[in-house]
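The values are calculated or read from the model by the stated rules, or taken from the named source; none is laboratory data. Since this is a predicted model, take the numbers as computed values, not measurements. Glycine gets a Cβ as well: all are built from the backbone with ideal geometry, and neighbour counts include every protein chain shown.
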Amino acid sequence: MAETSPYVVWHHATVTRARREALNGHRPGVVWFTGLSGAGKSTLAHAVEEALHRSGCRTYVFDGDNVRHGLCADLGFSIEDRTENIRRIGEMTKLFTEAGVIALTAFISPLRADRDRVRQLVGDDFIEVYVKCPLGVCEARDVKGMYAKARQGLIKEFTGISSPYEEPEQPELVIDTSRTDLDESVRQVVELLRARSLVPA
Ligand SMILES: Nc1ncnc2c1ncn2[C@@H]1O[C@H](COP(=O)(O)OP(=O)(O)OP(=O)(O)O)[C@@H](O)[C@H]1O
Ligand SMILES: [Mg+2]
């Protein structure tokens, strides 16, 4: 990455984070869902957003496929490109927390180092939710028909089949979607966010 020019100077806002929090009535944060394709990240992130929005929270979901249409349209699925993809999303989510928003992300984000870099960047507002689901169940769901194509060798570098997935070591929450239904999964995430004051009591 290019070094920042010494002539680029940070301009401080007068509308501070504390003022945004007071206006919104809740704390911002990044709820980072990670897991295999088909594990349930998008389903869960959007269902949690629905619940938070109904509770009066300002939210936004960053979803893998959507981001790749625009912000990250130039990136592929090599390890280098996946790292750059997550770096950009991480920076975006940080800006969203500064704007007072609860950012929810639904990216496979298979590499621990990439996720940990975002954790370091975002700091205490980073909440990692491991959407855990056995590969066999994800493959049986095959929501997008991609596992079948990956098994046929039609999709290269497919996570879980021909590209690695590194489980989080200390996520804030683990949800096994092969054993937990969607309502209960949402409840567990919202409860955690309530405990951390992201959702008003
Ligand atoms: N507890 C649960 N939470 C979320 N999804 C669940 C749960 N139980 C079953 N499912 C089902 O699992 C599937 C998950 O698909 P989804 O598109 O959300 O996965 P994803 O992790 O976003 O995959 P991708 O990385 O390919 O975008 C859906 O069909 C959903 O209905
Ligand atoms: Mg998804």
> Among the residues of the range 57-78, which ones are touching a strand residue (DSSP E or B) at 6+ places or on another chain (Cβ under 8 Å) and away from ligand 2 (no atom under 16 Å from the Cβ)?
Replying inline: C57, R58, T59
> Which of the residues spanning the range 30-59 are within 16 Å of ligand 1 (Cβ to nearest atom), of a type in the set (S, T, Y) and either in contact with a His (Cβ under 9 Å, 6 or more places away or on another chain) or outside any loop (DSSP other than H, G, I, E, B) (or both)?
Replying inline: T34, S42, T43
>> Just to verify a result, which residue in the range 39-56, among those that are in contact with a strand residue (DSSP E or B) (Cβ under 8 Å, 6 or more places away or on another chain) and surrounded by fewer than 18 Cβ atoms within 10 Å (Cβ to Cβ), is farthest from M146 (Cα to Cα)?
In response: H53
>> Test of understanding: among T4, T59, T16, T93, which residue is more than 18 Å from E166 (Cα to Cα), over 11 Å from the mean Cα position of the chain (by Cα), modelled with pLDDT of 95 or more and hydroxyl-bearing (S, T, Y)?
In response: T59
>> I want to confirm something. Restricting to the range 81-103 and keeping residues that are surrounded by fewer than 20 Cβ atoms within 10 Å (Cβ to Cβ) and free of Cβ contacts under 8 Å to residues at least 60 places away in the same chain, which single residue is farthest from G35 (Cα to Cα)?
In response: L95
>> Please count how many residues of the range 10-45 are within 17 Å of R194 (Cα to Cα), in contact (Cβ under 8 Å) with a residue 12 or more places away in the chain and of a type outside the set (F, W, Y).
In response: 11
> Restricting attention to the range 62-80, does a residue exist that is among the charged types (D, E, K, R), more than 16 Å from ligand 1 (Cβ to nearest atom), in contact (Cβ under 8 Å) with a residue 60 or more places away in the chain and not in a loop (DSSP other than H, G, I, E, B)?
Replying inline: no
>> Can you list residue pairs whose Cβ atoms sit under 7 Å apart, with the first residue in the range 104-120 being on the phi > 0 side of the Ramachandran plot and the second being buried (at least 21 other Cβ atoms within 10 Å of the Cβ) and in a strand (DSSP E or B)? Count only pairs 6 or more apart in sequence or on different chains.
In response: S109/T34
